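The values are calculated or read from the model by the stated rules, or taken from the named source; none is laboratory data. Keep in mind the model is a prediction, meaning the values are calculated, not measured. Cβ placement follows ideal geometry from the backbone for every residue including glycine, while neighbour counts extend to all protein chains displayed. With ligands, DNA and RNA removed, areas are computed over all heavy atoms of the protein, side chains included. Shrake-Rupley method; radii C 1.70, N 1.55, O 1.52, S 1.80 Å.
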Amino acid sequence: NPDFFEPLHFLGILKIQKNDFQSAIKLFSQAIKLNPRNEYVYLNRGLALFKIEIFSDALKDFQTSSQLSPRYPEAYFNLANTYQELSDYKNAVINYDKAISFSPEYAEAFNNRGNALQELGLHDDALLSYKKALEIAPTYAEAYFNCGTLFQSLKDFKSAIKYFDQAISLQPDF
């Protein structure tokens, strides 16, 4: 039944998992024609668009997802990731903050927020964000790595090495 929303949506998700992003986008677009009020299908189409680096369209889909469901942290997180890809770090931080406000234990959002803050030159705030990510997820190797890069950029090599060593101990192939 080509007019049944759920199979189109879920088949699109399967296509993403198979890295067939063009097919996924087509399926999500068909599903949206049938149900333009579903925040998840916009989020998923946005993810597929993000993967093939069509950031302006991904941004629109994540914005639509967040408008349809204003308390949906994943929509804000992916919106922020897209702003970050577009080097709009201020809007990235704003949207990471929204994601965190609806999901206070969102370690990835704190980590990525730290990256955006570091790009803005707000090193103290970036460090606090990374440390919050590590408080939530103590084995989050990427957050240790990001702390290391922050200290490296500040020329505090001893601290950088400490964090890099911790990242490597948690994920030896990092």
Within segment 96-116, residues outside any helix (DSSP H, G or I) and either modelled with pLDDT under 95 or closer than 15 Å to Asn78 by Cβ (or both) come out as Ser103, Tyr106
Cβ-Cβ under 9 Å pairs, at least 6 apart or on other chains, segment 37-60 side under 14 Å from Asn19 (Cβ atoms), far side polar (S, T, N, Q) and outside any helix (DSSP H, G or I) | Lys51/Asn19
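Sort through Asp97, Asp165 and tell me the only one that's open to solvent by 50 Å² or more (accessible area, probe 1.4 Å), in contact with a Phe, Trp or Tyr (Cβ under 9 Å, 6 or more places away or on another chain) and under 30 Å from Asp57 (Cβ atoms). First the steps, then the outcome.
On the way: Asp165 fails: under 30 Å from Asp57 (Cβ atoms).
None of the others qualify; the one that does is Asp97.
For residues in segment 127-162 being outside any helix (DSSP H, G or I) and among the aliphatic types (A, V, I, L, M), which is surrounded by the fewest Cβ atoms within 10 Å (Cβ to Cβ)? Quick ask: steps written out before the conclusion?
In the first step, residues of segment 127-162 are kept if they are outside any helix (DSSP H, G or I); the result is 137-140, 154-156.
From the residues that got through so far, the ones that are among the aliphatic types (A, V, I, L, M) too are 137, 154.
Numbers: Ala137: 17, Leu154: 13.
So, considering only residues that are outside any helix (DSSP H, G or I) and among the aliphatic types (A, V, I, L, M), the one surrounded by the fewest Cβ atoms within 10 Å (Cβ to Cβ) is Leu154.
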